[in-house]
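Report on the following structure.
The values are calculated or read from the model by the stated rules, or taken from the named source; none is laboratory data. Only a predicted model underlies this, so the values are computations on that prediction, with no experimental measurement involved. A quick note on method: Cβ atoms are made from the backbone with ideal geometry, for glycine too, and the neighbour counts reach across all protein chains shown.
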Amino acid sequence: MSLVELLVASTVGLILVGTLFTAMASIYNSLQFSATMPTVQANARQIVETVADNLRDATVCQSTDASASPCAWVGGPLENPSASQVTTYYRPDAGATNGIEQNETYYVSGNSFKIDTTTGAVGHTTTTTQTVYSGGTITLSLVYFQADAGSTGATALTPFTPTATNSNTIVGAEITVTIVSAGNDQVTGSYSTMVKCRNCPVPSVALD
């Protein structure tokens, strides 16, 4: 075999090896993506459903509650809701005015999704923090809706910004969580749902 033939054979061999390596790397990345994606998606869905379940069952803060419980926004089930954080109010005994009440705040801190639970009465509250998810990058997005400027039995929903004076017009919210996994894979999973608050004014438009 001449020197030229040897060089040509070596070049072809290097091309084949490079092609094979590229194909194997592509297959490996695909397998890694397939293995990571279901987990990321499941984590996003779990967080959304946790927030949705508690928002759905939130109790409206009554004036008799505000002076003796953690709730402050009278007439509504949510407190200080924003595009990235929300607090729900819950009274275990709907008929009690001096029982143990609680609120739960859902928010993202750094790369963690957390829940602050406050129980007790004003001046005697206890707050605990639970980290539900940690790792990668996570975002929580919330959009709140009222029914035709707050009318009951409305036919359309309107996005709005809740305040202490109009929180009683909230009928539901859209909750979206997006997670980008840590590491080199950078797999993105997202889940979204709309939920109607059972103790809010009931529009004729179904949310769930």
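Summary table below
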{"quantity": "Residue pairs meeting the criteria (Cβ under 7 Å; at least 6 apart or on separate chains; first at positive phi, in region 53-66; second at pLDDT 75 or above and aromatic (F, W, Y))", "calculated": "none"}
{"quantity": "Condition met for A35 (modelled with pLDDT under 65 and under 27 Å from the mean Cα position of the chain (by Cα))", "calculated": "yes"}
